[in-house]
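The structure that follows is given in the form of structure tokens.
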Amino acid sequence: MESIENKQLLFAETEIRYSGQPINVPKHIYGIEESFSLIKSAIGDKCVEHLLALYMDSGYETVAISQIGKGSSDTIEVSVSEIMRIAILTNSKFILLAHNHPSGVMKPSDKDIVLTKNIAKACALFNIRLIDSVIVSRHNDYFSIRTEIAKHGEVHNDNKG
């Protein structure tokens, strides 16, 4: 019998390929370096915001990929419980989140920062580590929200979107 991890990953791969975007899923993901190509292919060029969650086991092997949400051109509603539900069902130990900014503006909104902190707190309750939460754009670049929070404690900006 096939494990739930394989079913989750297979479904995600099929969905992404079915949309006409061939994509290679890295076997191991330690951070944005290994996953950027996949994230960029999946959501980088979208004209509305999408949130993608990548789930890894204790050996950093990819066990699931899920599109958690789809929003408008400048906002997205995200369910922290859905992110955690998939992590628990797949026995994940690490999560990497990515969402796109169709505008190309790489600065996180206050909402992005609060959401990243809330997801990190939820992960900690289940002994899961949020590796990063990144913003990608169609311009082949990314911004690490977790790195910025770690450096400065907060990310100050006047961006409300």
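Would you mind stating whether SER58 is in contact with a Lys or Arg (Cβ under 7 Å, 6 or more places away or on another chain), polar (S, T, N, Q) and either modelled with pLDDT of 95 or more or outside any helix (DSSP H, G or I) (or both)?
Working: in contact with a Lys or Arg (Cβ under 7 Å, 6 or more places away or on another chain): yes; polar (S, T, N, Q): yes; either modelled with pLDDT of 95 or more or outside any helix (DSSP H, G or I) (or both): yes.
Yes; evaluated as a whole, the condition is true for this residue.
Scanning the stretch 62-72 for residues that are hydroxyl-bearing (Ser, Thr, Tyr) and surrounded by fewer than 23 Cβ atoms within 10 Å (Cβ to Cβ), which turns out farthest from SER144 (Cα to Cα)?
So in the stretch 62-72, the residues hydroxyl-bearing (Ser, Thr, Tyr) come out as 62, 66, 72.
Next, only the ones that are surrounded by fewer than 23 Cβ atoms within 10 Å (Cβ to Cβ) stay: 66, 72.
Numbers: SER66: 19, SER72: 21 Å.
In this case the residue turns out to be SER72.
Any idea which residue in the stretch 120-139 is farthest from the chain's Cα centre (by Cα), counting only those that are assigned to a helix (DSSP H, G or I), over 21 Å from GLU61 (Cβ atoms) and free of Cβ contacts under 8 Å to residues at least 40 places away in the same chain?
First, pick out the residues of the stretch 120-139 that are assigned to a helix (DSSP H, G or I): 120-125.
The next check asks that each one be over 21 Å from GLU61 (Cβ atoms); those that pass are 120-122, 124-125.
Those left that are additionally free of Cβ contacts under 8 Å to residues at least 40 places away in the same chain: 120-121, 124-125.
Values: ALA120: 12, LYS121: 16, ALA124: 17, LEU125: 19 Å.
Taking the candidates together, the pick is LEU125.
Checking the condition within 23 Å of ALA87 (Cα to Cα) and at pLDDT below 95, which residue from ILE128, ILE113 passes?
ILE113
Now a separate question. Being modelled with pLDDT under 85, over 13 Å from the mean Cα position of the chain (by Cα) and of a type in the set (A, V, I, L, M): is that true of LEU9 here? Show your work before the answer.
Details: modelled with pLDDT under 85: yes; over 13 Å from the mean Cα position of the chain (by Cα): yes; of a type in the set (A, V, I, L, M): yes.
Against the criterion (modelled with pLDDT under 85, over 13 Å from the mean Cα position of the chain (by Cα) and of a type in the set (A, V, I, L, M)), LEU9 qualifies.
May I pose another question? Identify all residues within the stretch 93-107 that are more than 14 Å from the chain's Cα centre (by Cα) and not hydrophobic (A, V, I, L, M, F, W, C); write none if there are none. Spell out how you get there, then give the answer.
Taking the stretch 93-107 as the starting set, the residues that turn out to be more than 14 Å from the chain's Cα centre (by Cα) are 93, 102-107.
Selection gives LYS93, PRO102, SER103, GLY104, LYS107.
Among residues belonging to the stretch 43-61 that are small (Gly, Ala, Ser) and within 24 Å of LYS93 (Cβ to Cβ), point out the one that is surrounded by the most Cβ atoms within 10 Å (Cβ to Cβ). Please lay out each step first, then the result.
Of the residues in the stretch 43-61, the ones small (Gly, Ala, Ser) are 44, 53, 58-59.
Now drop any that are not within 24 Å of LYS93 (Cβ to Cβ), which leaves 53, 58-59.
Details: ALA53: 24, SER58: 9, GLY59: 10.
So, considering only residues that are small (Gly, Ala, Ser) and within 24 Å of LYS93 (Cβ to Cβ), the one surrounded by the most Cβ atoms within 10 Å (Cβ to Cβ) is ALA53.
When you check LEU51 against the structure, is it under 17 Å from ILE145 (Cβ atoms), over 11 Å from the mean Cα position of the chain (by Cα) and not in a loop (DSSP other than H, G, I, E, B), yes or no?
Values: under 17 Å from ILE145 (Cβ atoms): yes; over 11 Å from the mean Cα position of the chain (by Cα): no; not in a loop (DSSP other than H, G, I, E, B): yes.
Spelling it out, it is not the case that LEU51 is under 17 Å from ILE145 (Cβ atoms), over 11 Å from the mean Cα position of the chain (by Cα) and not in a loop (DSSP other than H, G, I, E, B).
State all residues of the stretch 82-111 that are in contact (Cβ under 8 Å) with a residue 24 or more places away in the chain and more than 22 Å from PRO26 (Cα to Cα); if no residue qualifies, say none. Even if it seems obvious, please write down each step before you answer.
Quick first cut of the stretch 82-111, residues in contact (Cβ under 8 Å) with a residue 24 or more places away in the chain only: 83-84, 86-111.
Once the filter is applied, which keeps residues that are in contact (Cβ under 8 Å) with a residue 24 or more places away in the chain and more than 22 Å from PRO26 (Cα to Cα), the stretch 82-111 yields HIS101, PRO102, SER103, GLY104, VAL105, MET106, LYS107, PRO108, SER109, ASP110, LYS111.
The values are calculated or read from the model by the stated rules, or taken from the named source; none is laboratory data. Because the structure is predicted, anything quoted here is derived from the model rather than measured. Cβ sites come from the backbone with ideal geometry, for glycine too, and all protein chains shown count toward neighbours.
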